[in-house]
Amino acid sequence: MAQVSLQNVSKIFPGGIKAVDNITLGVENKEFMVLVGPSGCGKSTTLRMIAGLEEITCGKIYIGDKLVNDVPAKDRDIAMVFQNYALYPHMSVFENMAFGLKLRGYPKNEIAQRVNEAANILGIKHLLHRRPKELSGGERQRVAVGRAIVRKPLVFLFDEPLSNLDAKLRSEMRTELHKLHIRLQTTIIYVTHDQVEAMTMGDRIAVMKDGVLQQVAGPVEIYDHPRNKFVASFIGSPPMNFIQGRIIKKDGRLYFDEGRIKVKIVEEMYQRLLPYLEKEVIFGIRPEDIYDKLFVSEAPPENVVRVTCEVLEPMGSEVYLYLNTGRHSFIARVDAHDRPQVNQDMDVVFDMSKVHFFKRDTEETIV
């Protein structure tokens, strides 16, 4: 079994810099776990501690049932793929993939078998005689993955392996890595700052900020039910819109009132929002939950907001509208055929069944 367990793990660098702060995280056998967050959040440091490349300050790390705090990296039965691929330039692809096995004293026939098997899986058998400088970025990335596959480790660790590739190739490699996980049925821990990679690849996502674990859940759960404002803003593209205002009551109904924006809250949210009546809160709505009123057959008048369209960005299958109420700016993501006039007033409709509210002080989710 290849579970990975971190129990109250911290990493403090000289000078008191806390890179990782008391993380507790369990990765199940055969799970694809993604650590995601902005640069400097501690995700790569966490991965390096699991790998044994970084000494932990306190806490415990288990791989399977074995405590590995004091186990050298070479004895942890893990394989790591780095951002820069770390291929030996003077060796052929075959030699790069075989190098780790040679160091461990495997017989030549088994090395050849494992390398050819991995090359077939990755579609790089025709490249085995080439050297890294003769390969494209995507091919080098496959070789780095192949070098990890031949080891047949308990756990694969990926440290932003796609960040050096162009957008099209990154999309292709995301699919390839996902297929690889299904085929190999091995535990994978994958680090990225790209929330699209996290959403499309992970069985579960662990969101980090400033060394602290913010939320661990499946992609849909994190998207629909973020634990706090940071998670809500980091997961989703374009990010969630946030507006500060008050919860008010009028004629027995609850409204969110910002001054220029006043929208009616759905009754299902009343129970959680009543304690915040007449208090400042943060209102959140995703760009895809804002519609052009011209294309809504029955728009509740209480949810219509007058805005000015400042910028229009055609994205092919959809359009991003940059809107302004006079006090706040936000983004709507609408269908490609929706092309309002720039610098003209328009009415938009908020889908109030999909909005979020956050505490103003702690930024934790209310509903």
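The values are calculated or read from the model by the stated rules, or taken from the named source; none is laboratory data. In this text, all values refer to a predicted model and were calculated from it rather than measured experimentally. Using ideal geometry, Cβ is built from the backbone for each residue, glycine included, and neighbour counts are taken over all protein chains shown. What goes into the accessible areas is simple: the full protein's heavy atoms, side chains included, and nothing from ligands, DNA or RNA. Shrake-Rupley method; radii C 1.70, N 1.55, O 1.52, S 1.80 Å.
General observations
- The strands (runs of 3 or more DSSP E) found wholly in segment 160-268 and carrying at least 3 residues that are of a type outside the set (A, V, I, L, M, F, W, C), modelled with pLDDT of 95 or more and in contact with a Phe, Trp or Tyr (Cβ under 9 Å, 6 or more places away or on another chain) occupy 187-192, 241-250.
- Residue match in segment 160-182 (condition: over 30 Å from Ser5 (Cβ atoms) and touching a Pro at 6+ places or on another chain (Cβ under 6 Å)): no
- Test: Val231 is farther than 24 Å from Ala148 by Cβ, open to solvent by 50 Å² or more (accessible area, probe 1.4 Å) and hydrophobic (A, V, I, L, M, F, W, C): no
- Failed item in (1) surrounded by 14 or more Cβ atoms within 10 Å (Cβ to Cβ); (2) in a helix (DSSP H, G or I), with Lys102 passing the rest: (1)
- Any hit, segment 106-124, residues being in contact (Cβ under 8 Å) with a residue 40 or more places away in the chain, basic (Lys, Arg) and surrounded by fewer than 19 Cβ atoms within 10 Å (Cβ to Cβ): no
Residues checked against (1) closer than 18 Å to Asp289 by Cα; (2) among the charged types (D, E, K, R):
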{"residue": "Glu313", "(1), (2)": "yes, yes"}
{"residue": "Ser317", "(1), (2)": "yes, no"}
{"residue": "His337", "(1), (2)": "yes, no"}
{"residue": "Gln341", "(1), (2)": "no, no"}
{"residue": "Asp347", "(1), (2)": "yes, yes"}
{"residue": "Phe358", "(1), (2)": "yes, no"}
{"residue": "Thr362", "(1), (2)": "no, no"}
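- Of the residues making up segment 26-47, not a single one is free of Cβ contacts under 8 Å to residues at least 60 places away in the same chain, in a loop (DSSP other than H, G, I, E, B) and crowded, with 16+ Cβ neighbours inside 10 Å.
The rows are residues; the columns are (1) touching a helix residue (DSSP H, G or I) at 6+ places or on another chain (Cβ under 6 Å); (2) closer than 25 Å to Ile50 by Cβ; (3) basic (Lys, Arg); (4) surrounded by 12 or more Cβ atoms within 10 Å (Cβ to Cβ).
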position: Tyr62; (1), (2), (3), (4): no, yes, no, yes
position: Asp70; (1), (2), (3), (4): no, yes, no, no
position: Lys74; (1), (2), (3), (4): no, yes, yes, no
position: Asp77; (1), (2), (3), (4): no, yes, no, yes
position: Pro89; (1), (2), (3), (4): yes, no, no, no
position: Val93; (1), (2), (3), (4): yes, no, no, yes
position: Leu127; (1), (2), (3), (4): yes, no, no, yes
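- Enumeration of residues in segment 327-346 that are touching a residue at least 40 places away in the same chain (Cβ under 8 Å), open to solvent by 60 Å² or more (accessible area, probe 1.4 Å) and either part of a loop (DSSP other than H, G, I, E, B) or more than 17 Å from Gly236 (Cβ to Cβ) (or both): Arg327, Asp335
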